[in-house]
Amino acid sequence: MLRVVNADGSTESGSLIDEIVREGARRMLAAALEAEVNQYIAELAAETDERGRRLVVRNGRHQTRTVATAAGPMKVTAPRVNDRRVDEATGERKRFSSKILAPWYRKSPKVSEVLPLLYLHGSSGDFVPAMEQFLGSAAGLSPATVTRLTKQWGEDHAAFQSRDLSDRDFVYVWADGVHPKVRPGQAHSCVLVLLGVRLDGTKELIALAGGLRESTESWADLLRDCRRRGMRDPELVVGDGAMGLWRALAEAFPAARHQRCWVHKSRNVTNALPKSAQPGATRAMQEIYNAEKAIEAFVRTYGTKWPKAAAKITDDRDELLAFYNFPAEHWIHLRTTNPIESTFSTVKLRTKVTRGAGSPAAALAMVFKLVESAQDRWRAITGAHLVAQVRSGARFENGILVERQEQAA
């Protein structure tokens, strides 16, 4: 353990390795800030006044401030720049703004990401001890500060839900209802999520709203709102077996084709079978979404003894096999709602070990901020260049572009 004696005689203890890491990070940050200012001044060295004096020079240092980072609280003293240039368009002085450490910067993005997770504790007072465990300090993150942050999250979500969608084109859309563990009296609430693929193959969160279970009314309200804000019919919507979604979708976006999630369908089928038959049925269903003719084989094997299980496949045949009419490169993405499931796995994991996500509004704000943080790490779908072809009306059969088949013949 490392013991530090302060100027007033008090002592602080901490891990030696943590102190080494923090000191190394502090020095690297200081060096980066110095290099940034030096480059800025060097690039503008030719800017002079009528007396030949430089208009952009160093001007001491800003006051020291503490920034919360993943390496712990860090005291930073940033260099200051005197920029005497004037913007001709506005008549105002130009200012140097660090891209590394903005003037209002008090916490790193990593800390911002962890705050929604801590909010699952349901009380702003729980943040302080949690941050002390995570960072070794809760400086700048008092309950009052956190309360302001959570209010801002709600405002950010409201702005997100009202933004114009007419400048976006979502070719594929995944839809699912996420059920966070909530407090008594809120057991029927859920979070409705729409996630889409744009023309360039990148994924983007479309909408995130609270709903009552996954009812038709809740889905209809969300989908109608998206259409009102300019969203056009997607080519394909992937969702689970919740009938409320499909009824609402037929009304709001009638041109969109439907694809049932194979993961959800597999669970429904195996639940209708005895345990002894479940492993074989699971393998048979994998054959179905890899080879269309396997449906007949599944019905022959399981239809006689377990007709209800077989009907779950045959009744939704078209919706289960819709992905065959899209590029084969996209099949791995279109067979399931996994893009939503994987994104929200962290949320579900956290809610299992906490008292709950608090009020519906608090849960919604927390989920939105988590997804907003995760969105930067989402990858484009495989065969991204084919998305534009799908939107332009190109026809695919068994995953292959029809025109190419005709040319080969």
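The values are calculated or read from the model by the stated rules, or taken from the named source; none is laboratory data. Everything quoted here is computed from the prediction, not taken from an experiment. Quick reminder, even Gly has a Cβ in these numbers, built from the backbone with ideal geometry, and neighbours come from all protein chains shown. Side chains are part of the model used for accessible areas, which takes the heavy atoms of the whole protein and leaves out ligands, DNA and RNA. Shrake-Rupley method; radii C 1.70, N 1.55, O 1.52, S 1.80 Å.
A few remarks follow.
- Checking Ala252, Ala272 one by one, the residue that is out of contact with any strand residue (DSSP E or B) (no Cβ under 8 Å at 6 or more places or on another chain), surrounded by 15 or more Cβ atoms within 10 Å (Cβ to Cβ) and at pLDDT 90 or above is Ala252 and no other.
- Among the criteria (1) modelled with pLDDT under 85; (2) out of contact with any Leu (no Cβ under 7 Å at 6 or more places or on another chain); (3) open to solvent by less than 30 Å² (accessible area, probe 1.4 Å), the one Gly211 does not fulfil is (2).
- Residues located in region 307-363, provided they are charged (D, E, K, R), touching a strand residue (DSSP E or B) at 6+ places or on another chain (Cβ under 9 Å) and at pLDDT 75 or above: Glu319, Arg335, Glu341
- Pairs where the first residue, in region 22-45, is farther than 12 Å from Val81 by Cβ and at pLDDT below 85 and the second is open to solvent by 50 Å² or more (accessible area, probe 1.4 Å) and of a type in the set (Val, Ile, Thr), C-beta under 8 Å, 6+ apart: Leu29/Ile100; Ala30/Thr77; Ala32/Ile100
- Selection from region 214-242 of residues that are open to solvent by 50 Å² or more (accessible area, probe 1.4 Å) and either within 21 Å of Asn338 (Cβ to Cβ) or small (Gly, Ala, Ser) (or both): Glu235
- Selection of first residues in region 224-242 that are touching a residue at least 12 places away in the same chain (Cβ under 8 Å) and of second residues that are among the acidic types (Asp, Glu) and not in a helix (DSSP H, G or I), restricted to Cβ pairs under 8 Å at least 6 apart or on distinct chains, gives the following pairs, ordered by first then second residue: Arg229/Asp164; Gly230/Asp164; Gly230/Asp167; Arg232/Asp169; Gly239/Asp176; Asp240/Asp176; Gly241/Asp316; Ala242/Glu214.
- Pair list, Cβ < 6 Å and 6+ apart or interchain, from region 323-345 residues that are closer than 24 Å to Ile400 by Cα to residues that are open to solvent by 50 Å² or more (accessible area, probe 1.4 Å) and modelled with pLDDT of 90 or more: Glu329/Thr382
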